[in-house]
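Values in this text are rule-based calculations from the coordinates and carry no lab data. Keep in mind it's a predicted model, so treat the numbers as computed, not measured. A quick note on method: Cβ atoms are made from the backbone with ideal geometry, for glycine too, and the neighbour counts reach across all protein chains shown.
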Amino acid sequence: MKIAVLAGDGIGPEIVAEALKVLALFKSEGLDIETTAADVGGIAVDHHGDPLPEATLKLCQMSDAILFGSIGGPQYDTLPRELRPERGLLRLRKELDLFANLRPARVFPQLSGASTLKPEVVAGLDIMIVRELTGDIYFGHPRGIAVNAAGLRVGTNTMVYDEEEIRRVAHWGFQAARARRRELCSVDKMNVLEATQLWRDVVVEVSAEYPDVKLTHMLVDNAAMQLVRNPKQFDVIVTGNLFGDILSDEASMLTGSIGMLPSASLNAAGLGLFEPIHGSAPDIAGRGIANPLAQILSLAMMFQYSLRRADLAQRVERAVEGVLEQGLRTADIATKGETVSSTSEMGDAVVAALRA
Ligand code: IPM
Ligand code: MG
């Protein structure tokens with residue numbers, strides 16, 4: 001099994017290093033895995049003048065899975081858009097057709113006090129957000145900033161979905177629901193936006209193939225509100241690229257920290273990119289205090305979805321629960337009075353728990 005490792009910028013390299021400790025342990029146990037590192041994002045701009053160099057794209061195309069850290073930093077925010085780190089990630093998602101983005105938000109029992117919401121609101125929470133990842137306003141044309149006839153600058157982006165793009169991710173939503181509590185909530189803004197009226201129509205059509213899954217619909221503004229009012233009403237949420245981006249950040253805080261949420265981005269062939277949902281956190285980069293658990297849990301998702309080793313995925317998840325049970329906390333999930341562990345202490349503890 002070939003794995004491309006794209007650590008990226010900011011805290012990316014620090015947390016990827018911890019995930020690689022876990023991989024190294026499995027390798028030492030005989031897992032046949034080959035990892036190759038490559039540049040992406042800002043570091044790739046620095047080294048090659050391109051946030052997604054051809055060699056990195058080739059490596060990803062030839063791999064069974066991609067372990068991705070995070071990209072971006074304030075020093076790149078003034079570059080032309082084509083050279084920004086974010087564009088590297090978006091192009092990678094698009095080139096590999098990674099349209100199905102799974103973002104599970106699960107509250108570990110040990111962390112139900114770490115959320116800013118009341119423990120009784122979040123305890124036991126287990127939701128899955130299925131976000132469409134290669135369409136919508138992220139990629140729609142026309143786009144850009146131009147000057148109109150009146151001499152005013154006009155910014156344009158286009159929310160656009162064709163029915164096939166909606167259909168294929170809707171199937172992922174229904175199938176995820178089928179493997180869980182069989183409830184799917186499709187989130188749109190059909191009261192205002194035609195693109196999402198089509199979204200709703202197509203999801204309803206697809207639902208005919210899943211009579212065993214209970215389908216509901218919710219407008220995105222209400223969904224944002226319901227996520228903090230009563231998040232446990234949700235099982236699986238399926239939604240478009242933009243709404244999914246926003247709702248998954250919101251959902252992450254239910255779990256205590258954005259530093260806890262992994263994700264899987266998959267194409268129809270099963271190739272996947274696995275990354276934390278958080279960014280490169282330049283404010284804390286280089287200080288050894290970032291939480292590596294979202295990255296380690298992303299590795300678990302890689303075992304589950306791309307490498308078909310659910311057994312290893314489960315071992316990693318149990319080890320993470322184990323270290324939380326032991327009381328290990330990085331700064332983001334520590335509550336008052338708790339001892340704070342560093343990034344590498346947390347990673348080492350997970351490896352030790354896997355060994356035990
Ligand atoms: C995410 C991130 C990305 C996105 C950025 C870094 C381009 O916020 O994966 O949620 O908007 O999709
Ligand atoms: Mg985001």
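Once the convex hull of the alpha carbons of region 300-356 is built, what does its volume come to per residue, in cubic angstrom?
Values: hull volume 4.7 nm³, N = 57.
Considering the Cα atoms of region 300-356, their hull volume per residue is 82 Å³.
Just checking the listed ones, Glu120, Glu317, Glu275: in the Gaussian network model of the chain with Cα springs under 10 Å, the one fluctuating most is Glu120.
Per-residue Cβ neighbour counts within 10 Å put Asp162, Asp235 in the sequence Asp162, Asp235, beginning with the fewest. Report the antiparallel proportion of the DSSP beta bridges in the chain as a percent, rounded to a multiple of 5. Here the share of antiparallel DSSP bridges comes out near 40 percent.
Its relative contact order, with pairs defined as Cα atoms under 8 Å and 6+ residues apart, puts the chain at 21 percent. Summarising the label geometry, the points placed 7 Å from Cα in the beta-carbon direction at Ala123 and Leu83 lie 5.4 nm from one another. Relative to the Cα centre, the charge distribution of the chain, modelled as +1 at Lys and Arg Cβ and -1 at Asp and Glu Cβ, gives a dipole magnitude of about 460 debye.
For region 104-258, a crude dipole built from +1 on the beta carbon of Lys and Arg and -1 on the beta carbon of Asp and Glu, taken about the Cα centre, is about 460 debye to the nearest 20.
Cross-link pairs exceeding 20 Å between alpha carbons, from the set Lys189/Lys232; Lys27/Lys94; Lys118/Lys232; Lys2/Lys58: Lys189/Lys232; Lys27/Lys94.
Considering only Pro231, Leu215, Ile137, and ranking their Cα positions along the charge dipole of region 125-239 that arises from unit charges at the beta-carbon of Lys, Arg, Asp and Glu, the one farthest toward the positive end is Pro231.
Look at where the Cα atoms of region 144-219 and of region 258-327 average out, and the two centres are 27 Å apart. On the principal axes of its alpha-carbon atoms, region 104-258 has extents of 58, 38, 23 Å, going from largest to smallest. Put in order of Cβ neighbour count within 10 Å, fewest first, the listed residues Glu95, Glu164, Glu86 become Glu164, Glu95, Glu86. For the chain, treating each Cα as an identical point scatterer without solvent, what Debye log10 I(q)/I(0) comes out at q = 0.10, 0.13, 0.14 1/Å? Reported log10 I(q)/I(0), two decimals: -0.61, -1.05, -1.22. Convex hull volume per residue, computed on the Cα atoms of region 175-288, equals 142 Å³. Of the residues Val107, Gly10, Ala146, the one whose Cα sits farthest towards the positive end of the charge dipole of region 1-151 is Ala146 (charges of +1 on Lys and Arg Cβ, -1 on Asp and Glu Cβ, taken about the Cα centre). Which FRET efficiency value, to the nearest 0.05, do you get for Arg287 and Ala150 by plugging their Cβ-Cβ distance into 1/(1 + (r/R0)^6) with R0 = 56 Å? It comes to 0.70. Distance distribution P(r), region 31-150, all Cα-Cα pairs, bin width 5 angstrom from 0: 2, 9, 14, 14, 14, 14, 12, 11, 6, 2, 1, 0, 0 percent. The value of relative contact order for region 249-342, using C-alpha pairs under 8 Å at least six residues apart, is 26 percent.
Suppose the chain between Ile33 and Glu209 were pulled fully straight at 0.36 nm per residue; how much longer would it get relative to their current alpha carbon spacing?
Taking 0.36 nm per residue and subtracting the Cα distance, the gain is 59.6 nm.
Cβ-to-Cβ counts within 10 Å put His217, His278 in ascending order as His217, His278, the fewest first.
Dipole of the chain computed with +1 at Lys/Arg Cβ and -1 at Asp/Glu Cβ about the Cα centre; of Leu307, His171, Cys185, farthest Cα towards the positive end is Cys185.
When you restrict to C-alpha pairs under 8 Å that are six or more residues apart and normalise by the size of region 104-258, the relative contact order lands at 36 percent. For Ala268 and Gln75, the difference between the fully extended length at 0.36 nm per residue and the C-alpha to C-alpha distance is 65.9 nm. Net length available on complete extension from Ala55 to Glu164 is 36.2 nm, with 0.36 nm assigned per residue and the Cα-Cα distance removed. Label point of Ile246 set 7 angstrom out along Cα-Cβ; within region 91-107, no amide nitrogen lies under 16 Å from it. One way to sum up the overall shape of region 53-92 is the equivalent ellipsoid from its Cα gyration tensor, whose semi-axes run 22, 11, 7 Å, largest first.
Computed from the Cβ-Cβ distance with R0 of 25 Å, the FRET efficiency linking Ala24 to Thr339 stands at 0.40.
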